[in-house]
Amino acid sequence: MGVTKKDSTMKSEADQAQRKNLEVENQQDKNEKNSTAGKKSNGKDTGTYKERLKEITAVLYKHAITRGVSPEKLRLILTDLGPTFIKLGQIMSMRSDILPKRYCDELMKLCSDVDPMPFAEVEEVLREAFGCPWQEEFQEIQEKPLGSASIAQVHRAVLKTGEEVVIKVQRKGIYEIMARDIGLMKKAVKLLPPVSIKEAVDLNLVLEELWRVTQEEMNFLTEAANMEEFSRKNKNVAFVKTPILYREYTTASVLVMEYIDGIPIDHKEELLAGGYDLDEIGSKFVDNFIKQVMDDGFFHADPHPGNVMIQGGKIVWIDMGMMGRLNDRDRELIGQAIEGVALNDIGKIQDAVLALGEFKGKPNQSRLYTDIRDLMAKYGTADFGEIDIVEILTDLMDVMKENKIVMPHGLTMLARGLTHMEGVLADISPEINMVQIAAARLKGNLLEEGNWKKQMKGTGKKLYRSMLRAVDIPALAADFLQGCMKGQTKINLDLHASDDLAWLMRRLIRNIVLGLWVMALLISSSIICTTDMTPKIMGIPAFGVLGYFGALVILMYLFIKHFMKK
């Protein structure tokens with residue numbers, strides 16, 4: 001009877017907590033909608049804008065931004081500007097389709113550790129989230145944080161029921177701070193001189209990406225949902241674990257989860273002392289990540305050593321704030337592109353790239369084909385087991401960027417995740433080949449009954465369509481030959497000229513037309529001058545003078561334009 005009553009009480013408390021979460025989330029949404037309007041009408045905020053602008057200007061002046069921005073200088077600038085800009089750098093380090101690779105590599109060095117907020121502010125955030133002092137929910141909370149980042153910090157704690165947990169607490173006022181800084185950055189972009197970084201990247205696109213991702217990370221209910229989904233998709237994997245989420249204590253600004261007392265995956269000495277096999281850990285680590293990408297389409301996009309622990313023989317994935325998604329179509333096209341590299345099939349890769357990306361303008365398929373051919377010259381002779389999938393994906397993204405193709409967000413996050421994976425493997429088990437593990441998993445999936453049937457069904461459809469088209473070939477060939485004999489055959493060609501050639505042709509035609517105009521004016525004016533046509537200017541027919549003047553204007557225009565080009 002006592003157990004039933006306790007269960008009933010806990011259920012009631014959980015329901016109240018969930019209602020409280022919804023109220024907090026709704027209130028935060030209202031605050032987000034009204035934040036911009038409130039700042040415009042608030043004189044104090046205007047003053048804060050001015051002070052912050054002075055700080056930003058001082059940092060930019062200190063680093064001499066007008067002399068250009070190298071990758072290292074950009075990292076130092078973002079570090080000096082504070083948490084918002086550090087977060088900007090971390091987000092942009094995975095957007096190699098927007099930012100040049102050398103900048104992305106440098107920005108990945110940004111450290112997320114920042115000065116922690118005072119414990120009094122932590123208590124205030126907890127009071128606002130729970131509607132009561134934290135002492136009513138927890139036995140204790142350690143004042144010194146386990147870690148402090150730009151958006152939140154983490155404290156170790158003990159629940160009233162005795163479970164050891166960690167509390168992720170959002171920084172007080174972080175939404176307003178980031179909204180202010182991003183607003184200032186959008187204004188600064190318009191005034192920024194044409195230094196190297198502005199020429200290389202669409203900064204407005206960068207800021208929109210920053211604001212979108214930051215808003216997602218600032219809502220811990222999203223991260224909680226990610227944890228639950230990740231746990232469901234990996235529940236049948238014996239060597240993978242996800243921290244227990246305490247949903248009844250989780251709100252938009254506070255996240256409570258199980259405390260993991262494990263060993264970071266890159267602490268080799270501790271792992272060896274604990275009796276672990278580093279090669280086994282590396283193989284299972286890669287295998288599970290490939291499973292997340294190719295089977296689930298839902299993967300950890302930030303698998304750096306701080307987010308992966310080893311506990312009780314299991315790989316524990318933590319911090320689900322940054323997750324990547326790939327739909328079935330994207331996964332199939334990525335597989336098609338990698339298969340094209342392995343088979344040295346340029347057309348297969350080109351089809352996958354054209355289907356994957358979104359174009360900023362009209363695609364130049366001839367240039368794309370040439371770029372992919374150059375890529376294949378690098379990898380075409382490599383054995384499949386020797387292929388570096390991270391390097392291939394990076395080079396392929398460079399090709400897409402050069403051809404002004406915008407990649408899906410999931411693909412850029414996958415590139416970041418693979419880069420972290422490669423770094424971990426190089427540290428703990430450099431002999432492991434990621435491609436071979438991926439190939440083994442894909443082969444195993446193919447032999448499973450469900451996938452085998454799916455593959456056969458797809459092949460059967462293609463074979464059926466091919467047979468239907470093959471029936472029409474004799475009739476089409478006969479029509480073509482008959483048309484040739486009667487001289488009625490037409491051939492449609494779609495010729496793609498490069499931008500440089502098109503510009504040269506336009507310039508050549510324009511100069512020829514202007515030259516013909518000059519010649520026509522000179523000849524006609526000379527003929528008019530031999531007549532006695534009136535009216536006259538200084539004894540010369542006025543129409544002749546006008547023709548000479550027009551020819552002179554055209555010639556002056558051509559000369560001036562020529563010297564300006566020089």
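Sequence-ordered 3J(HN,Hα) estimates for region 405-421 from the Karplus curve with 6.51, -1.76 and 1.60 and θ = phi - 60° stand at 10, 8, 7, x, 4, x, 5, 5, 5, 5, 4, 5, x, 5, 5, 5, 4 Hz, glycine and proline given as x.
A simple spin-label model places pseudo-atoms 7 Å from Cα toward Cβ; at ASP374 and LEU476 they are separated by 3.4 nm.
The distance from the alpha carbon centre of region 55-70 to that of region 523-566 is 54 Å, rounded to a whole number. Placing a label point 7 Å from the Cα of CYS529 along the Cα-to-Cβ direction, the residues of region 540-566 whose backbone N falls under 15 Å of that point are 540-553. In order along region 55-64, the Karplus-derived 3J(HN,Hα) couplings, from 6.51 cos²θ - 1.76 cosθ + 1.60 at θ = phi - 60°, round to 4, 5, 4, 5, 5, 5, 5, 4, 8, 6 Hz, and Gly and Pro are given as x.
Please find the FRET efficiency linking ARG469 to GLU228, where r is the Cβ-Cβ separation and R0 is fixed at 41 Å, and quote it to the nearest 0.05. After rounding to 0.05, the efficiency reads 0.30.
Charge dipole of region 240-309 (Cα centre as origin; +1 on each Lys and Arg Cβ, -1 on each Asp and Glu Cβ, all else neutral): 220 debye, rounded to the nearest 20. Charge dipole of region 64-179 (Cα centre as origin; +1 on each Lys and Arg Cβ, -1 on each Asp and Glu Cβ, all else neutral): 720 debye, rounded to the nearest 20.
Centroid-to-centroid, using Cα positions, region 316-355 and region 225-275 are 27 Å apart. The simple Förster model, with R0 at 22 Å and r as the Cβ-Cβ distance, assigns LEU504 and LEU552 a FRET efficiency of 0.20. With the cut-off at under 14 Å, measuring from each backbone N in region 283-305 to a point 7 Å along the Cα-to-Cβ line of GLU332 picks out no residue.
Between GLY147 and VAL154, the built amide H atoms are under 5 Å apart, and every one of these is 5 or more places off in sequence or on another chain.
Of LYS73/LYS187; LYS101/LYS268; LYS73/LYS101, which sit over 26 Å apart, Cα to Cα? Violating the 26 Å limit, Cα to Cα: LYS101/LYS268. The label point for ARG212 and the one for PHE119, both projected 7 Å from the Cα toward the Cβ, are 4.1 nm apart. Each Lys and Arg adds +1 at its Cβ and each Asp and Glu adds -1 at its Cβ; summed about the Cα centre, region 271-326 shows a dipole of about 120 debye. The label-point distance for LYS268 and GLU431, in a model that sets each label 7 Å from Cα toward Cβ, rounds to 1.3 nm.
Listed values for region 252-260 are Karplus-derived 3J(HN,Hα) couplings in whole Hz (6.51 cos²θ - 1.76 cosθ + 1.60, θ = phi - 60°), namely 5, 10, 9, 10, 10, 9, 4, 7, 9, and x replaces Gly and Pro. Averaged over residues, the count of other Cβ atoms within 10 Å places the peptides 243-252, 554-563 in the sequence 243-252, 554-563, highest first. Amide H contacts for MET257 (H built 1.01 Å from N in the peptide plane; partners 5 or more residues away or on another chain; cut-off under 5 Å): VAL166, LYS168, TYR246.
Laboratory data are not the source of any read-out in this text; all were calculated from the coordinates shown. Model, not experiment: these values are computed from the prediction. Don't worry about glycine lacking a Cβ; one is built from the backbone with ideal geometry, like all the others, and counts go over all protein chains shown.
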